[in-house]
Amino acid sequence: MSASDDRSAEGREGLNRPPPDQGVMLEARGLRLAFGGVRAADGIDLSVMRGEFLAIIGPNGAGKTTFINMTTGYLRPQAGSIHHEGERITGLSPRAIVRRGIARSFQLPQLFTEHTVLENAALAIAARLGIWSPLAPLLRREIREEARELLARFGLSAIEESRADTLNEGARKLADIAMAVALKPRLLLMDEPTSGVAASEKMAVVETLARVLRDAAVTAVFVEHDMDVVARFADRVAVWSQGRIVALGPPATVLSDPEVQREVIGVSGAIHA
Amino acid sequence: MRRAEPLLALAGAAALVGIAYAAPWLRFVLTIALAKGLAVLGILLLLKAGQVSFGHAMYAAVGAYVVAFAAPGMGEALVLLPLATGIAGLLGLVVGLFITRYREIFFSMLNLAISMVLYSMLEKFYAITKGTDGIRVAPVTFAGLSPERESAEWAMFAIALLLAFGFGIVARLYLASPMGQALAGIKTRETRLEFMGVPARHVLLSAYVFSAVMAGAAGAIIAMTTRHVTPLLAYWTTSGELVFIAILGGAGGVLGPFLGAAAYELIRVHAAAAFADLWQLTLGIALLLVILFAPGGLWGVLARLFRRVRA
Ligand SMILES: Nc1ncnc2c1ncn2[C@@H]1O[C@H](COP(=O)(O)OP(=O)(O)O)[C@@H](O)[C@H]1O
Ligand SMILES: [Mg+2]
């Protein structure tokens, strides 16, 4: 117990620093999107600062995934705009957005199910390097080595030769994130990265992930239901409810807000308990 | 198994040469089988992406008619082959730009529809194509030589074998490359490709053009071997035959299509001789058995035997 407390104290100093004042990386203004009568985004205003870790919390159906989908080009907002590094990216295709250095992982892992974990990682690396070489093998040495190293960092070495459709949920989740990280994005959006990861491994996994992202100066936005993870790793927290952001600020302030506790954490706490 | 492929390919080639030598009347059959194997290799590429084309015979037909039209003026095999292949590839690019927007049943049926348009054009424009009578193909030269009949047959057989090897090697490298692996990714998780910045449509288009090129080469070989082209080459049953052979041979490796084509042609010839009208029944039963008991096709059966022998 004391060992993990030490780590957590170190984490607070090392990882949980105040929002770096280095300017806005991503700016969403007035995003609106309704599915029939459901307002999945009902006027979202949010600025993501360069270098920060921003957590998104909120009950199921609040529109968290919808926000990530709009930011990464999967869904087009009906109103509002998204700017990345000052340029408007609203309505661009997922591909165009990835090329700008914005990657994502998925709430439901999106793996190439008939490929091995190693091949999945290798494909993501090859996608970054350029895939248009029809004669050199995917698993050539430089790609294979990078893929191995990547998977090792995610603790997936033991299953790198397993087919992706044989993995348990936690491993699928990690492989999914590893593929997004392999693209070496400047901004990474992760949809519930720790759901499905065994509680006993969760902190270690997030810690590793946080280190990888900090080392590469990646800005991260992540949807998270585990308030311990949020408290420990987020620089700021945005609270989603019915397509709106109802609170935004440092975890210490936001998570202790009685209203947030009643509306959001009560629900989420039940989920992760 | 993949490691054993080059060896098996050489063994298979040696066997084909042996048969062609021992049974001269099969030389023609095996040349056609190799050509069809080439076209089926293209079907296999698309199958990797989970897409089935029921119209690919159109590219073979284009290759064949290019040879038929050009042979009287320019009857050199070494020119006709690249010409036919190139034009088929070009058509593949034009059609592919449109067709790679679609998947699954739409992809299958659009290929079928376009091939039937080509079929009716070949049938209706009698003045140019001689309709269902088809066109007799003028004899061709090989590197300037005009060999007599038996040598010409050997030359066509050799060309078919060389092209099978050449395209087989390229297809094998292609399938192991990032492009080929991304192609397989279209089958399982196309959206992920897009979220990795990979244009899935262009990946599929590259395979589509490659498949049209190989079908074009197949058509050119068939035209020069049979010396007669008809619209039937583009008919949907011919396309269906290619898919049939792909399943019979198995989609696991680049040798499957050739194995399937050789088996198909040999069954067809022998069954046709033995029970006249029943050869389709024989083929139907063969396919049924493969689907029920060997979903990996003949290549899958061979691979399993091979593993057992080594173990
Ligand atoms: N593609 C879609 N079509 C229809 N409704 C959708 C779609 N995506 C999300 N929704 C609806 O929008 C609301 C917000 O969903 P989502 O963003 O997935 O919430 P969260 O990720 O916070 O759980 C939900 O009511 C959901 O049913
Ligand atoms: Mg969600």
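The values are calculated or read from the model by the stated rules, or taken from the named source; none is laboratory data. What you are looking at is a predicted structure, and each value in this text was computed from that prediction instead of being measured. Cβ coordinates were reconstructed from backbone atoms using ideal geometry, including for glycine residues, and neighbour counts include every protein chain displayed. Keep in mind that these areas ignore ligands, DNA and RNA; they rest on the heavy atoms of the full protein, side chains included. Shrake-Rupley method; radii C 1.70, N 1.55, O 1.52, S 1.80 Å.
Shielding value for A:89-101 is 2, the average number of Cβ atoms from other chains within 10 Å of each residue's Cβ. Which lysines have a Cα lying under 25 Å from the Cα of A:Lys173, excluding residues fewer than 8 positions away in the same chain? Within the straight-line cut-off, A:Lys173 pairs with A:Lys64, A:Lys184, A:Lys202, B:Lys187.
Peptide A:119-132 is shielded by partner chain Cβ atoms: per residue, an average of 5 of them sit within 10 Å of its Cβ.
Would you please give the FRET efficiency between A:Leu108 and B:Leu281, computed as 1/(1 + (r/R0)^6) with r the Cβ-Cβ distance and R0 = 51 Å, to the nearest 0.05?
After rounding to 0.05, the efficiency reads 0.65.
Over chain A, the Kirkwood radius and the radius of gyration, each from Cα atoms, give a ratio Rg/Rh of 0.96.
At q = 0.09 Å⁻¹ the log10 of I(q)/I(0) for the protein assembly as shown amounts to -0.77, computed by Debye summation with a single uniform scatterer per C-alpha, solvent ignored. For the range B:243-263 versus the range A:72-139, the spacing of their alpha-carbon centroids is 34 Å. Looking at the range B:1-154, the pairs of alpha carbons with a distance over 21 Å make up 58% of the total.
The range B:187-222 and the range B:113-143 have Cα centres separated by 27 Å.
Sorted on the mean count of surrounding Cβ atoms within 10 Å across their residues, most packed first, peptides B:286-295, B:163-172 read B:163-172, B:286-295.
When peptides B:82-93, B:214-225, B:126-137 are ranked by their average number of other Cβ atoms within 10 Å per residue, the highest-first order is B:214-225, B:82-93, B:126-137.
Percent of accessible area on the protein assembly as shown owned by carbon and sulfur, 1.4 Å probe? It would help to have the intermediate numbers written out before the result.
Details: 15610 of 25150 Å².
Answer for the protein assembly as shown: carbon and sulfur cover 62 percent of the accessible area.
Can you give the average number of partner chain beta-carbon atoms within 10 Å of each beta-carbon in peptide B:197-205, as a whole number?
Values: counts 16, 10, 3, 1, 0, 2, 2, 0, 0.
Shielding by partners across B:197-205 averages 4.
For the range A:112-166, the Cα-based Rg and Dmax, in that order, read 10.8, 31 Å.
Please grab the % of Cα pairs in the range B:5-310 that end up more than 36 Å from each other.
Every Cα pair in the range B:5-310 considered, those over 36 Å come to 14 percent.
Taking only complete DSSP H runs, can you tell me which helices of chain A stretch 15 Å or more along their own long axis by Cα positions and average at least 1.0 on the Kyte-Doolittle scale? Mind showing how you got there, number by number?
Details: long enough: A:2-14 (18 Å, -1.74); A:117-129 (18 Å, 1.35); A:141-153 (18 Å, -1.25); A:169-182 (20 Å, 0.54); A:199-215 (25 Å, 0.15).
Sorted by number, the helices that extend far enough and score high enough are A:117-129.
Here's the list of aspartates and glutamates a cross-link from B:Lys36 could span, going by alpha-carbon distance under 18 Å and ignoring same-chain residues fewer than 8 apart: B:Glu153, B:Glu241, B:Glu265.
Solvent-accessible area per residue in the range A:112-166 equals 47 Å², computed with a 1.4 angstrom probe and all protein chains kept.
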